[in-house]
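Notes follow the structure.
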Amino acid sequence: MMFDFSDDTIHKSEEGRNLQVLLVEDDLFDFQAVKRFLRPASHIHLFHAENLKQAVSMAQDKSFDCFVLDWYLPDGDGEQFLSFAAAAVPWTPTIIMTSGMEDLLTSSALALGAQDYILKGQFDSESLCKSIEFAIARKHAERLRWSTIQGDRLHFINQIVAGGAHEINNPIA
């Protein structure tokens, strides 16, 4: 389900586009808090999934700019969703939202591909919006680096192939 907080006029983000964010949260109180905090950010359109199964289904059906994910859900945990996301939607950033981020959990979530984490009850509108926008920017930068590396690899392979072709075509040289 989508929650559009804009009035008649749609305000766009600095990049000039609206952001589609999927919140995966089973607690109604926490969902309402995120919804309230995102209300001033009319360029962010919030979608809601109550469990992992629903989140995976929605992520397969629709393109999102960012996921905000409660780590502990009734039908699984954040690790399962991050594994799905890494395979199915690798360029969509995920922000982990939990009530207690132990050091081990933080390291695990970031190692599995989360771009950021926020603690429930310890964020406001501005910090939530910045977290979403920075996670998207970090994932975009990661994608550009990956693209550059792939381009460099392709260039190197082309040089090797061209050198080999030259040696085959000119055996006496």
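Observations on the structure shown:
- Estimated inter-spin distance, Q80 and R36, nm [label 7 Å along Cα→Cβ]: 3.0 nm
- Hz values of 3J(HN,Hα) by residue in segment 83-96 - Karplus curve (6.51, -1.76, 1.60), Gly and Pro given as x: 5, 4, 4, 4, 8, 8, 9, x, 9, 9, x, 10, 10, 8
- Estimated FRET transfer efficiency when R0 is 25 angstrom, pair E142-L119 (beta carbons, to 0.05): 0.55
- Here the extension length gained between F134 and S63 equals 23.7 nm, from 0.36 nm per residue of separation less the Cα-Cα distance.
- Share of carbon and sulfur in the accessible heavy-atom surface of segment 57-102 [1.4 Å probe, %]: 47 percent
The values are calculated or read from the model by the stated rules, or taken from the named source; none is laboratory data. Because the structure is a prediction, the values reported are computed rather than measured. Methodologically, a virtual Cβ is constructed for each residue, glycine included, from the backbone with ideal geometry; neighbour enumeration extends over all protein chains shown. Side chains included, ligands, DNA and RNA excluded: accessible areas come from the protein's heavy atoms. Shrake-Rupley method; radii C 1.70, N 1.55, O 1.52, S 1.80 Å.
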